[in-house]
1. Taking 0.36 nm per residue of sequence separation and subtracting the Cα-Cα distance, how much length would be gained by fully extending the chain between Glu310 and Ser291, in nm to one decimal?
2. Please give the contour-minus-distance gain from Lys24 to Trp74: 0.36 nm per residue of separation, less the Cα-Cα distance, rounded to one decimal in nm.
3. Given +1 on the Cβ of Lys and Arg, -1 on the Cβ of Asp and Glu, and no further charges, what dipole in debye does region 10-86 carry about its Cα centre, rounded to the nearest 20?
4. Please list, in order along region 320-328, the HN-Hα scalar couplings obtained from phi with the Karplus expression 6.51 cos²θ - 1.76 cosθ + 1.60 (θ = phi - 60°), rounded to whole Hz, x for Gly and Pro.
5. Restricting to Cα pairs below 8 Å that are 6+ residues apart, what does the relative contact order work out to for the chain? Please round to a whole percent.
6. Provide, for region 76-172, the number of lysine pairs with alpha carbons under 18 Å apart, each pair being eight or more places apart or on different chains.
7. Determine ³J(HN,Hα), in whole Hz, for all residues of region 19-29 in sequence, where each value follows from phi through the Karplus function 6.51 cos²θ - 1.76 cosθ + 1.60 and θ = phi - 60°; x replaces Gly and Pro.
8. For Trp74, enumerate residues with amide H under 5 Å from its amide H, sequence gap 5+ or separate chain, H modeled in the peptide plane.
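Every number here is computed from the coordinates shown, using simple stated rules; none is lab data. Quick caveat, the model's predicted, so the values are computed rather than measured. A quick note on method: Cβ atoms are made from the backbone with ideal geometry, for glycine too, and the neighbour counts reach across all protein chains shown.
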Amino acid sequence: MNVVVGAGISGITVARLLAEKGEKVLVVEQKGHIGGNCYDSYDENGICVHRYGTHIFHTDLEKVWRFVSRFTDWYPYMHKVLGLVDGQLVPIPFNLNSIHKVFPESLASRLEEKLISSFGFNRKVPILELRNAGDPDLDFLADYIYRKVFLIYTMKQWGLKPEEVDPGVTARVPVYVSRDDRYFQNRWQGIPAEGYTPMLKKMLDHENIELRLGCSWKDIEDQHISDRIFYTGSVDQLMERKLGDLPYRSISLDFKTYKKEYFQPAAVVNYPENYDFTRIGEYKYFLDDRSANTVVSYEYSSDYVYGKNEPYYPVKSDANLAKYEEYVKLAKEKFSNIYFLGRLGNYRYYDMDKAVESAISLVEELS
Ligand code: UDP
């Protein structure tokens, strides 16, 4: 019997693919619902709320898009994020439109020309790279964006300065030499038309799959029913934190309902300078839900503390990756047929599409 531990998007993808190959799969999930952090549900206003924060599916991976599209139709939503910078709501990633919003016209035009001649139009430039441009105007611009978009947001989100986090993290939101205000430029993007939970439920709907909610690995470990374990939780917990905790960042969401049609002009507004929260998500935008009320979440970041909050983001560093590898080695000594996957299991900052891709690859490798 294959046992998948954790019913998030990674575990469910593996379960489905194994089931379609004729294998029996038991999926155990310690929470009372499926979906992991993609879990969503409708509230009393008829608004589909992402219970663990805003999730937007976007990918250039055709294989992934074809796979997930077997289980859902898509609402063609294109994500836009605004950030409050110097009292103006400007497009994030910071782009040429943002420049024209915050600077006087003559300065904005000069900066635009410099950016285009130095990097080319439609190019994405990580902020840490822009800081090395070596031109006085671009140095000024880089310093402005660094201080007003990245520094305080990243301190709030990671407890570290932008140059102290893995460069791949801030490069997710590069300065964009473009007038395209979308957060993602991927070929395929959208929100499952009925929500993520129904999409994932449909994936689990297979005669070879059994789902047990409210059931953890510890509950079944002693029954020795697993020939192969697909573990999507954090490996330090599996190994009883023998080598100490693997660091993660956590978030907490403060949901509020307002008696007004809309609270803010976009699904996500970032607060890179003000307040303790990093951003506010407004959920009715994703599927254009109609209601006289609106529900939003204020998002706060903190360190993950075992037993107190949930791990959300692995904190990539050489030391942490080395500890992760040590844990995986220990786990493989204890369990002969164990595979790790997902954001927690692989200790990788996966987007949903990359989580699905890696789950598909794992099953392909096994066959
Ligand atoms: N970031 C920032 N200011 C912003 C948006 C992002 O400093 O307005 C940085 C921050 O370090 C963040 C990273 O870019 O953790 C990646 O942002 P993304 O929106 O991809 O994060 P996620 O949605 O995965 O939390």
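1. Answer, rounded to one decimal: 3.7 nm.
2. Values: separation 50, 0.36 × 50 = 18.00 nm, distance 2.95 nm.
So the chain would gain 15.1 nm between Lys24 and Trp74.
3. Values: 9 positive and 10 negative charges, 73 e Å.
Dipole magnitude for region 10-86 comes out near 360 debye.
4. 5, 5, 5, 5, 4, 4, 4, 5, 5
5. Numbers: 707 pairs, mean separation 100.6, N = 367.
Value for the chain: 27 percent.
6. Values: Lys80/Lys101; Lys80/Lys124; Lys101/Lys114; Lys101/Lys148; Lys114/Lys124; Lys148/Lys156; Lys148/Lys161.
Final tally of qualifying lysine pairs is 7.
7. Each residue of region 19-29 in turn: 4, 6, 8, x, 9, 7, 9, 9, 9, 10, 9 Hz.
8. Correct list: Ala193.
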